[in-house]
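Working notes for the structure below.
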Amino acid sequence: MGFLDQRQWMASLEQHGELRRIKAEVDWDREIGAVTRRVLEKKGPALLFENIKGYRDGRCTKLFASGLGARSRLALALGFPRDTPNRALVQHVMQKNREAIPHVLVDGGPVKEVIVKGAAIDQTEFPVPKWHYLEGGRYIHTFSSIVTKDPDTGVMNVGLYRGMIGKKNTTPFLLIKGGQHWGAHFVKWAARKQPMPVACVIGWDPIMSFLSGSPLPAGVCEWDTMGAYRGEPAQLVRCETVDLAVPAGAEIVIEGTIGDDPETYENEGPFGEFTGYVSDLPTPRPTMQISCITHRRDPIFCGSLEGTLPGSYSENSVMSSVQRAAIAWNILNGAGIPGVLDVFAPPITNGVNLRVQIKKHYQGQPKQIAAALWGNSAAQYRYKHVTVVEEDIDPADDEQVEWAFAHRVNAGEGGVVIFPGIFGSPIDPSTPMEDRDVAQLGTGLWNRMLIDATRSWKNPRRAEWGGERFPPTVRPAPDDEARVKARWAEYGLGDL
Ligand SMILES: Cc1cc2nc3c(=O)[nH]c(=O)nc-3n(C[C@H](O)[C@H](O)[C@H](O)COP(=O)(O)O)c2cc1C
């Protein structure tokens with residue numbers, strides 16, 4: 001069973017010693033972001049800021065952050081013990097991503113306790129941080145789940161996309177038409193010359209953020225996948241001003257529409273992105289016009305400090321290390337590729353780099369793996385560099401992977417393959433700005449790379465090498481090793 005709501009999730013974290021309440025006054029302007037960064041560096045707990053400057057009284061006084069900022073907490077959110085290994089979580093997620101329990105509509109719920117419309121709408125009544133000093137504004141949507149609907153099928157999508165406070169009732173978003181599912185919806189609504197209805201959900205079961213930040217296949221309603229993870233249907237209520245549905249137990253819901261008239265665009269960015277860089281320049285972007293805010297009494301705002309740096313993993317990198325590996329593995333299984341033994345997404349890369357371990361069946365298999373991943377829309381923002389290793393190399397062990405890279409890769413003989421100009425990311429600082437022009441290109445362009453660190457089958461098998469294609473390693477013979485182990489103390493080496 002999942003968590004009833006964000007409050008039950010926070011109570012569970014507190015019970016496990018994974019939540020700290022900050023009672024000292026902290027400024028929403030840069031200080032919350034800097035505190036959160038330092039706690040991430042120290043591999044610390046989730047945080048509940050209870051005394052935010054200028055928000056001691058009023059509509060909303062508290063901010064919850066870093067709920068999924070550690071592997072232990074992600075394990076708890078998925079219903080596992082805190083020390084569950086990565087691989088077990090990946091395999092659970094692979095399974096659950098393919099299941100569904102349809103959501104149900106209920107008549108009301110705590111999220112309707114307060115309803116604000118018209119001139120009373122003011123996003124700055126919520127303690128929205130300016131997370132980083134170089135960001136273009138206060139980012140209200142860093143961990144919100146954004147609900148839209150395909151106007152042709154009526155199926156809802158739930159995605160996680162960044163959005164910044166514009167005016168008190170407007171929110172410009174980084175809305176990418178190519179790749180992201182709400183972008184595909186946006187194109188359809190624009191073709192009908194209608195603004196797209198949108199609902200932004202802040203704070204519920206942590207599974208909501210985990211799944212809205214994950215590229216499930218187009219047409220899948222994430223509310224129903226959440227049902228499968230929770231073991232019971234998500235209970236949703238209808239929005240007040242748009243034809244969408246949101247969890248009855250959510251903390252805060254912001255409703256409105258986004259139109260495609262450039263006259264309505266407002267500047268968005270830069271933002272401290274998952275790459276660890278402050279990406280973008282301020283750019284006019286599609287902007288939500290807010291028509292209603294509903295929330296619980298004394299709502300708890302929720303946000304995430306984005307940006308992974310060596311030594312400080314964001315919530316995104318923790319989630320990506322599990323989810324992006326699971327999605328990739330399902331893609332490879334779906335493509336019928338044999339012999340996939342493990343998939344590892346190094347957390348520091350958020351799944352931009354991916355390692356696949358195989359039992360090699362044929363020479364072209366690593367290229368097939370890269371082609372399958374890059375041909376899937378889940379490769380938006382991710383899987384830029386794919387490394388394939390064999391069964392004797394643990395893909396999670398940097399030293400083993402480096403060794404294979406050094407001695408099994410022949411770059412001029414297909415060991416390194418570059419696929420130029422394919423869809424990619426608009427926020428990758430290594431990509432020139434002109435290749436990141438979302439307005440012109442629909443999405444960013446990438447030159448993707450495969451590193452085939454498997455032993456080449458172009459090498460003939462040799463009798464002198466025990467019938468293998470590569471020479472033996474320098475490891476002693478097993479009987480020599482056994483003899484030495486037996487006499488170890490005798491050598492005077494027993495303490496080693
Ligand atoms: C914490 C977090 C923040 C994210 N921020 C953005 C964002 O600002 N813009 C974006 O396009 N994708 C963002 N993503 C990635 C998308 O949520 C992800 O690609 C997801 O698949 C989108 O949903 P969709 O596949 O239904 O379109 C973020 C993911 C996480 C986990």
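Got at least one residue in region 107-119 being in contact with a Lys or Arg (Cβ under 6 Å, 6 or more places away or on another chain) and either under 18 Å from ALA325 (Cα atoms) or not in a helix (DSSP H, G or I) (or both)?
yes
Taking PRO262 as the residue in question, decide whether it is without any contact (Cβ under 8 Å) to a residue 40 or more places away in the chain, out of contact with any helix residue (DSSP H, G or I) (no Cβ under 8 Å at 6 or more places or on another chain) and within 26 Å of PRO432 (Cβ to Cβ). Break it down stepwise before answering.
Details: without any contact (Cβ under 8 Å) to a residue 40 or more places away in the chain: yes; out of contact with any helix residue (DSSP H, G or I) (no Cβ under 8 Å at 6 or more places or on another chain): yes; within 26 Å of PRO432 (Cβ to Cβ): yes.
So PRO262 passes the test.
Please find, among ARG324, ARG297, the residue that is among the basic types (Lys, Arg) and in the same structural domain as VAL158 (by TED's automatic domain parsing). Talk me through it step by step, then tell me what you get.
Details: ARG324 fails: in the same structural domain as VAL158 (by TED's automatic domain parsing).
The unique qualifying residue is ARG297.
Can you name the residue in region 285-306 that is part of a loop (DSSP other than H, G, I, E, B) and more than 10 Å from the ligand (Cβ to nearest atom) and is also surrounded by the fewest Cβ atoms within 10 Å (Cβ to Cβ) among such residues?
As a first pass, look at region 285-306 and keep what is part of a loop (DSSP other than H, G, I, E, B): 286, 296-299, 304-306.
Going one step further and asking which of them are more than 10 Å from the ligand (Cβ to nearest atom), we end up with 286, 296-299.
Details: PRO286: 27, ARG296: 22, ARG297: 7, ASP298: 12, PRO299: 25.
That would be ARG297.
Looking for whichever is of a type outside the set (Lys, Arg) and without any contact (Cβ under 8 Å) to a residue 12 or more places away in the chain here; the options are ASP342, ASP452, ASP392, ASP428. Which one fits? Give the steps one after another, and end with the answer.
Values: ASP342 fails: without any contact (Cβ under 8 Å) to a residue 12 or more places away in the chain; ASP452 fails: without any contact (Cβ under 8 Å) to a residue 12 or more places away in the chain; ASP428 fails: without any contact (Cβ under 8 Å) to a residue 12 or more places away in the chain.
Just a single option satisfies the conditions, and that option is ASP392.
Could you identify the single residue in ASN316, ASN330 that is within 13 Å of the ligand (Cβ to nearest atom), assigned to a helix (DSSP H, G or I), modelled with pLDDT of 95 or more and not hydrophobic (A, V, I, L, M, F, W, C)?
Values: ASN330 fails: within 13 Å of the ligand (Cβ to nearest atom).
ASN316 is the lone residue from the list that is within 13 Å of the ligand (Cβ to nearest atom), assigned to a helix (DSSP H, G or I), modelled with pLDDT of 95 or more and not hydrophobic (A, V, I, L, M, F, W, C).
One line per residue, one yes/no per condition, for (1) among the hydrophobic types (A, V, I, L, M, F, W, C); (2) surrounded by fewer than 18 Cβ atoms within 10 Å (Cβ to Cβ); (3) touching a Cys at 6+ places or on another chain (Cβ under 8 Å):
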position	(1), (2), (3)
ASP107	no, yes, no
ASP122	no, yes, no
LYS130	no, no, no
LEU134	yes, yes, no
GLY137	no, no, no
HIS141	no, no, yes
SER145	no, no, yes
ARG162	no, no, no
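Looking at GLU125, is it acidic (Asp, Glu) and either within 12 Å of the ligand (Cβ to nearest atom) or not assigned by TED's automatic domain parsing to the domain that holds LEU48 (or both)? Quick ask: steps written out before the conclusion?
Numbers: acidic (Asp, Glu): yes; either within 12 Å of the ligand (Cβ to nearest atom) or not assigned by TED's automatic domain parsing to the domain that holds LEU48 (or both): no.
For GLU125, the condition - acidic (Asp, Glu) and either within 12 Å of the ligand (Cβ to nearest atom) or not assigned by TED's automatic domain parsing to the domain that holds LEU48 (or both) - is not met.
Can you report the number of residues in region 373-387 which are out of contact with any helix residue (DSSP H, G or I) (no Cβ under 6 Å at 6 or more places or on another chain) and either basic (Lys, Arg) or away from the ligand (no atom under 15 Å from the Cβ) (or both)? Let's see the steps before the verdict.
As a first pass, look at region 373-387 and keep what is out of contact with any helix residue (DSSP H, G or I) (no Cβ under 6 Å at 6 or more places or on another chain): 374-375, 377, 380-381, 384-385, 387.
Then drop every residue that is not either basic (Lys, Arg) or away from the ligand (no atom under 15 Å from the Cβ) (or both), which leaves 374-375, 384-385, 387.
Residues meeting the conditions: 5.
Of all the strands (runs of 3 or more DSSP E) wholly in region 185-247, which have at least 3 residues that are touching a Gly at 6+ places or on another chain (Cβ under 8 Å) and within 26 Å of SER304 (Cβ to Cβ)? Show your work before the answer.
On the way: elements: 196-202, 235-238, 245-247.
Answer list for region 185-247: 196-202.
Could you check ASP243 against (1) of a type outside the set (Phe, Trp, Tyr); (2) surrounded by 18 or more Cβ atoms within 10 Å (Cβ to Cβ); (3) farther than 30 Å from THR431 by Cα and say which number it fails?
ASP243 satisfies all of (1) of a type outside the set (Phe, Trp, Tyr); (2) surrounded by 18 or more Cβ atoms within 10 Å (Cβ to Cβ); (3) farther than 30 Å from THR431 by Cα except (2).
Hey, among PHE64, PHE80, which residue is surrounded by fewer than 19 Cβ atoms within 10 Å (Cβ to Cβ) and closer than 23 Å to GLN15 by Cβ? Give the derivation first.
Working: PHE64 fails: surrounded by fewer than 19 Cβ atoms within 10 Å (Cβ to Cβ).
Exactly one of PHE64, PHE80 is surrounded by fewer than 19 Cβ atoms within 10 Å (Cβ to Cβ) and closer than 23 Å to GLN15 by Cβ, namely PHE80.
Give region 149-183 a look and list any residue that's outside any loop (DSSP other than H, G, I, E, B) and more than 9 Å from the ligand (Cβ to nearest atom), or say none. So that I can check it myself, show each step before the final result.
As a first pass, look at region 149-183 and keep what is outside any loop (DSSP other than H, G, I, E, B): 149, 156-159, 163-164, 170-173, 181-183.
LYS149, MET156, MET164, THR170, THR171, PRO172, listed by residue number.
Can you give me the ranges of the strands (runs of 3 or more DSSP E) entirely in region 342-447 with at least 3 residues that are buried (at least 19 other Cβ atoms within 10 Å of the Cβ)?
It comes to 353-358, 385-390.
Could you count how many residues in region 263-283 are at pLDDT 95 or above, more than 12 Å from the ligand (Cβ to nearest atom) and within 29 Å of PRO151 (Cβ to Cβ)?
5
The values are calculated or read from the model by the stated rules, or taken from the named source; none is laboratory data. Small disclaimer: the values here were computed from a predicted structure and weren't measured. Note that we place each Cβ from the backbone using ideal geometry, even for glycine, and neighbour counts take in every protein chain shown.
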